[in-house]
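Structure first, then comments.
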Amino acid sequence: MIPRRPEPELMLEPDQARAYAEADFAAPHEGFVDAFAEAFPGPVSGPVLDLGCGPGDVSLRFAARYPACEVDGLDGAPAMLAAGKALMAGHPAARRVNLGEGCLPEARGPRAPYATIISNSLLHHLHTPAALWQAIRRDGTPGAAVFVMDLRRPDSEAAVKALVAQYAADDPEVLRRDFEHSLHAAFTPDEVREQLAAAGLDGFTVHVASDRHMIIFGHLPETP
Ligand SMILES: C[S@@+](CC[C@H](N)C(=O)[O-])C[C@H]1O[C@@H](n2cnc3c(N)ncnc32)[C@H](O)[C@@H]1O
């Protein structure tokens, strides 16, 4: 197994943010909402917190799938939030999506506590991954539904290169670079299980979802 190589936490470069917001993430992001629906069948209503929302593509897709919810997105990178304005403009679910600036671990969801918390592709950015699990415990209601998707670190440098070639060959250079760095920065499922145990969330499920993704989900404990 190759060692973890962290990348910068926040995506602050305007070029990077623009390329990310303009990329076609329809398949993985719809897959995120599909996987949520499988993990938590049934309706979702009320405020939902999306941690590390970036330009808000997942927030919008989630809001579109669940018309009785409102999504509060939180991200520490002004450039990513600004890049999301184009995605929000004219989107039918945009009036139920509110993206705000805030950096974990200090920032809180504006309407905490939330009965539903989601996060896509934030965990691997964090230098201290406990920040995510602590924020979820702090900002979730007892029994809240929590759903996190992230990359998982490949075994070898060759496997990293193969994934970049398979999934990002036609992407702009800045996105290929970010994808490669993100694969190096990602955790393994076993590392995430250790993080969850340390956070008192060992009831959560960690599931390998694809050749590069894992999903982590469960209900927060009923008692603090
Ligand atoms: C790969 S992007 C994912 C964006 C979005 N969730 C998506 O799926 O399109 C990761 C995001 O996490 C944000 N981020 C990283 N560290 C953070 C922190 N400590 N607090 C808040 N946001 C953070 C970055 O700025 C970036 O926008």
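The values are calculated or read from the model by the stated rules, or taken from the named source; none is laboratory data. These numbers come from a predicted model, not from an experiment. Counting neighbours? That spans all protein chains shown, and the Cβs are built from the backbone with ideal geometry, glycine included.
The figures follow:
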quantity: Strands (runs of 3 or more DSSP E) within the range 9-112 that include 1 or more residues closer than 24 Å to R212 by Cβ and touching a strand residue (DSSP E or B) at 6+ places or on another chain (Cβ under 8 Å); calculated: 46-51, 69-75
quantity: The listed residue being modelled with pLDDT of 95 or more, farther than 23 Å from D190 by Cβ and not aromatic (F, W, Y), out of A130, A165; calculated: A165
quantity: Residue that is surrounded by the most Cβ atoms within 10 Å (Cβ to Cβ), among those in the range 77-88 that are of a type in the set (A, V, I, L, M, F, W, C) and near the ligand (Cβ under 10 Å from one of its atoms); calculated: M80
quantity: Residue list for the range 89-112, filter: aliphatic (A, V, I, L, M) and within 13 Å of the ligand (Cβ to nearest atom); calculated: V97, L99, L104, A107
quantity: In the range 37-56, the residues that are in contact (Cβ under 8 Å) with a residue 12 or more places away in the chain and surrounded by fewer than 24 Cβ atoms within 10 Å (Cβ to Cβ); calculated: A37, A39, F40, P43, V44, S45, G46, P47
quantity: Checklist (1) within 16 Å of the ligand (Cβ to nearest atom); (2) part of a helix (DSSP H, G or I); (3) farther than 21 Å from A27 by Cβ applied to D178, failing item; calculated: (3)
quantity: The range 147-185: number of residues that are within 17 Å of R5 (Cβ to Cβ), surrounded by 16 or more Cβ atoms within 10 Å (Cβ to Cβ), touching a residue at least 60 places away in the same chain (Cβ under 8 Å) and out of contact with any Ser or Thr (no Cβ under 9 Å at 6 or more places or on another chain); calculated: 6
quantity: Scope the range 191-209; condition among the aliphatic types (A, V, I, L, M), under 20 Å from P142 (Cα atoms) and surrounded by fewer than 17 Cβ atoms within 10 Å (Cβ to Cβ); matching residues; calculated: A197, A198, A199
quantity: G140 vs. criteria in contact with a Pro (Cβ under 8 Å, 6 or more places away or on another chain), under 20 Å from E22 (Cα atoms) and either more than 10 Å from the ligand (Cβ to nearest atom) or at pLDDT 95 or above (or both); calculated: no
quantity: A27 vs. criteria touching a Cys at 6+ places or on another chain (Cβ under 8 Å), without any contact (Cβ under 8 Å) to a residue 40 or more places away in the chain and among the small types (G, A, S); calculated: no
quantity: Residue in the range 195-205 that is away from the ligand (no atom under 14 Å from the Cβ), aromatic (F, W, Y) and under 17 Å from D150 (Cβ atoms) present; calculated: yes
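Listed here are the residues, each with its yes/no results for (1) more than 8 Å from the ligand (Cβ to nearest atom); (2) at pLDDT below 95; (3) small (G, A, S); (4) within 17 Å of the chain's Cα centre (by Cα).
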position	(1), (2), (3), (4)
P3	yes, no, no, no
E30	yes, no, no, yes
D34	yes, no, no, yes
L49	yes, no, no, yes
G56	no, no, yes, yes
Y66	yes, no, no, no
D75	no, no, no, yes
